């Protein structure tokens, strides 16, 4: 059975936080759809241009096994401004499917939508105060059964491997980590 993951991108996304999970998940055989909030080419926070597979509007009616949100500023704010993405995230959570977010995205995108629950949430220190006491932690990565969060670009590889482990198991994640000389 093919696993389908959506990675939405908005202008100002953090390149490492987007490309690392996309790459690692694709190495694991996951079908990853990169969807832009706007046009077909999205400019990252460091000026790197990334061509999306589709627009978010084209993906709005499809269900994915996981949605992965990269952070970056103003990328996370721009993701949060998408009504289409908000609807997809709410529907995804209602179906009890896993979400993942890194850097500013947990606090800026998921928190205002009420999608964090009682989970401890890792996010970038610059936006940590946006989280409530229940969610706030200084951990670099938090892995739950339905939510994976990480603090920022320096944790992108660990974050990506945690996604593989959640979707395909520890053995597959370790196999990839060895092949990429992470361990």
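Readers should treat all values here as calculations from the given coordinates under stated rules, not as data from a laboratory. All figures in this text were calculated on a predicted structure; none of them were measured in a lab. Counting neighbours? That spans all protein chains shown, and the Cβs are built from the backbone with ideal geometry, glycine included.
Return the percentage of antiparallel bridges among DSSP beta bridges fully within segment 1-103, rounded to the nearest 5 %.
Working: 3 of 16 bridges.
Given both bridge residues lie in segment 1-103, the antiparallel proportion sits at roughly 20 percent.
For segment 1-104, build the convex hull from the C-alpha positions and give me its volume per residue in Å³.
Values: hull volume 9.2 nm³, N = 104.
So the per-residue hull volume is 88 Å³.
Compute the length gained on full extension between residue 138 and residue 182: take 0.36 nm times their separation in residues and subtract their Cα-Cα distance, giving the result in nm to one decimal. Could the numbers behind the result be given before it?
Working: separation 44, 0.36 × 44 = 15.84 nm, distance 2.34 nm.
The span from residue 138 to residue 182 would gain 13.5 nm if fully extended.
Can you give the extra length, in nm with one decimal, that the chain gains between residue 84 and residue 118 once fully stretched, where that is 0.36 nm per residue apart less the Cα-Cα distance?
Values: separation 34, 0.36 × 34 = 12.24 nm, distance 2.49 nm.
Value of the extension gain: 9.8 nm.
Mind running the shape call on segment 70-134? Use the C-alpha gyration tensor, a ≥ b ≥ c as the square roots of the eigenvalues: rounded below 1.5 for a/c, prolate if a/b tops b/c, oblate otherwise.
oblate
With label points built 7 Å along Cα→Cβ from the Cα atoms of residue 145 and residue 97, find their separation and express it in nm.
For residue 145 paired with residue 97, the spin-label model returns 1.9 nm.
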